């Protein structure tokens, strides 16, 4: 799917000609829906049964494609649990990683796999989180067993685990991007839905992310309640907190006020990244947008270098910076914007997370 079509399906309101252009994908959505519904029903009626691990399993995921903030939330939960002296490991599929026989990205001290071998998000987590093992692979049950045996953990976090029905989870946290919601409610490949909206009912907690206008979020909440009236709903936004990269030590974020920048990103929703830069007072002279999970090449670097003249900084995301650092970018004025998730009802949210561990202890 081209980058242009990929961006088109995120639009809630589509023109007549856009709908005509997407007609072939609309047709392909029907067999996709059938496969997803049969799979979900097989687990619901017991034809297939999820495997269960002897510790609390918390899944963080979404029902749409693209970045809703899953990895930042997993990192935030892992960090909070460590503060509360509850050791956990993180299990990730490792999307688009280079296949390797070793599933262990990090034991919490040493990073064993490269970005290509582990995948974008697992490598970023391994670089950022200390004391928390990161394991990748499709078989999360086996990897969970390994984590329990090797690291003495008390719980497991699934990064992007909402569709991983093969493993029982004690808490299903579903994230919804408040800006795009469910798109125009079409399934892949025509729309952005991974599953029908009725599958929202698997969620125990729902977290709206990237909130800019609380009032605009209310209509989306009302639509959600019509499908799934019972889960507790939480709200969050991203807070830019600093800059990282070669030579960024001591450089404060406020120093970027009024600076002319080239925005470079290879993420699902580049418009939101650009909006964060503008909120920080930066003047975006040009944007270079690559496909999500893009692996940068020397040719890409040459294209970036040609656009450096006239800008004060090249600004990218943390995820993109990891891959760009594999190339020779140290002589470029490049920085990554570091952001953190702020949950508005933070205390109540973590109370619900802790209840999973308290319940497991009671059951034992």
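For segment 218-225, indicate whether the set of residues that are in the same structural domain as residue 347 (by TED's automatic domain parsing) and either in contact with a helix residue (DSSP H, G or I) (Cβ under 8 Å, 6 or more places away or on another chain) or at pLDDT 95 or above (or both) is non-empty.
Checked segment 218-225: at least one residue is in the same structural domain as residue 347 (by TED's automatic domain parsing) and either in contact with a helix residue (DSSP H, G or I) (Cβ under 8 Å, 6 or more places away or on another chain) or at pLDDT 95 or above (or both).
Is there a residue in segment 68-81 that is surrounded by fewer than 16 Cβ atoms within 10 Å (Cβ to Cβ), closer than 28 Å to residue 197 by Cβ, in contact (Cβ under 8 Å) with a residue 40 or more places away in the chain and touching a helix residue (DSSP H, G or I) at 6+ places or on another chain (Cβ under 9 Å)?
no
Report those strands (runs of 3 or more DSSP E) wholly inside segment 228-342 carrying at least 2 residues which are in contact with a helix residue (DSSP H, G or I) (Cβ under 9 Å, 6 or more places away or on another chain), in contact (Cβ under 8 Å) with a residue 40 or more places away in the chain and surrounded by fewer than 19 Cβ atoms within 10 Å (Cβ to Cβ).
232-244
Yes or no, residue by residue, for (1) in contact with a strand residue (DSSP E or B) (Cβ under 9 Å, 6 or more places away or on another chain); (2) free of Cβ contacts under 8 Å to residues at least 24 places away in the same chain; (3) farther than 30 Å from residue 358 by Cα:
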site: 147; (1), (2), (3): yes, no, no
site: 160; (1), (2), (3): yes, no, no
site: 166; (1), (2), (3): yes, no, no
site: 175; (1), (2), (3): yes, no, no
site: 184; (1), (2), (3): no, no, yes
site: 226; (1), (2), (3): no, yes, yes
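Quick check on my filter: what residues within segment 177-191 are under 15 Å from the mean Cα position of the chain (by Cα) and either closer than 21 Å to residue 158 by Cβ or part of a strand (DSSP E or B) (or both)?
177
Output the residues belonging to segment 192-212 that are over 22 Å from residue 236 (Cα atoms) and in contact with a helix residue (DSSP H, G or I) (Cβ under 7 Å, 6 or more places away or on another chain).
195, 196, 198, 199 - these are the residues of segment 192-212 that are over 22 Å from residue 236 (Cα atoms) and in contact with a helix residue (DSSP H, G or I) (Cβ under 7 Å, 6 or more places away or on another chain).
Being surrounded by 15 or more Cβ atoms within 10 Å (Cβ to Cβ), in contact with a helix residue (DSSP H, G or I) (Cβ under 7 Å, 6 or more places away or on another chain), in the same structural domain as residue 171 (by TED's automatic domain parsing) and at pLDDT below 95 is true for just one of 117, 121. Which residue is that?
Result: 121 is the single residue among 117, 121 that is surrounded by 15 or more Cβ atoms within 10 Å (Cβ to Cβ), in contact with a helix residue (DSSP H, G or I) (Cβ under 7 Å, 6 or more places away or on another chain), in the same structural domain as residue 171 (by TED's automatic domain parsing) and at pLDDT below 95.
Any chance you could count how many residues in segment 258-272 are farther than 14 Å from residue 333 by Cα and modelled with pLDDT of 95 or more?
Qualifying residue count for the region: 2.
If I ask for residues that are touching a strand residue (DSSP E or B) at 6+ places or on another chain (Cβ under 9 Å) and not in a strand (DSSP E or B), which ones from segment 48-60 would you list?
Of everything in segment 48-60, those that are touching a strand residue (DSSP E or B) at 6+ places or on another chain (Cβ under 9 Å) and not in a strand (DSSP E or B) turn out to be 50, 52, 53, 55, 56.
Only one residue in 60, 38 is without any contact (Cβ under 8 Å) to a residue 24 or more places away in the chain and closer than 17 Å to residue 200 by Cα, so which one is that?
38
What is the number of the single condition among (1) out of contact with any strand residue (DSSP E or B) (no Cβ under 7 Å at 6 or more places or on another chain); (2) touching a residue at least 12 places away in the same chain (Cβ under 8 Å); (3) over 26 Å from residue 142 (Cβ atoms); (4) surrounded by fewer than 18 Cβ atoms within 10 Å (Cβ to Cβ) that residue 33 does not meet?
Residue 33 satisfies all of (1) out of contact with any strand residue (DSSP E or B) (no Cβ under 7 Å at 6 or more places or on another chain); (2) touching a residue at least 12 places away in the same chain (Cβ under 8 Å); (3) over 26 Å from residue 142 (Cβ atoms); (4) surrounded by fewer than 18 Cβ atoms within 10 Å (Cβ to Cβ) except (1).
The values are calculated or read from the model by the stated rules, or taken from the named source; none is laboratory data. A quick note: this is a predicted structure, and the numbers were derived from the prediction, not measured. Methodologically, a virtual Cβ is constructed for each residue, glycine included, from the backbone with ideal geometry; neighbour enumeration extends over all protein chains shown.
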